[in-house]
Amino acid sequence: MNTMTAPSKEGHLVRGSSDDAMTICVLDDEPGMVEMLQESLRCLGFSSLGTCDPQYALERSARAACGR
C-alpha cells in the first residue's frame, strides 16, 4: 500500500505557503476528484493547482519548470 506524507523540515510539516514547499498539479477529468485530491494534499501541507484541462496543466507545469 502506498502512503503519502508531507516532507518534514525540522520535524514540522512543510506548509504550502512556505518558500520551499512543493506545489502539486492535480489533473483529472472529474472535478469532484480534483477537489478531493486537492483537499487531501492541503491537509498534508502541500499547495496544489487543480484542473480538468490537460492543456492548462501542461502550460502551468512548463512555466513552473522555467521558473515563471
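Every number in this text was worked out from the coordinates using simple rules, so none of it is lab data. No experiment lies behind these values; they were computed from the predicted model shown. Using ideal geometry, Cβ is built from the backbone for each residue, glycine included, and neighbour counts are taken over all protein chains shown.
Could you give the nm distance between label points at residue 61 and residue 40, where each point is 7 Å from its Cα heading toward the beta carbon?
1.8
At 7 Å along the Cα-to-beta-carbon direction for both residue 28 and residue 47, put a label point, then send me their distance in nm to one decimal.
2.2
If you average over every viewing direction, what projected area does the convex hull of the Cα atoms of the stretch 22-65 give, in nm²?
Numbers: hull surface 10.9 nm².
Convex hull of Cα atoms, orientation-averaged projection: 2.7 nm².
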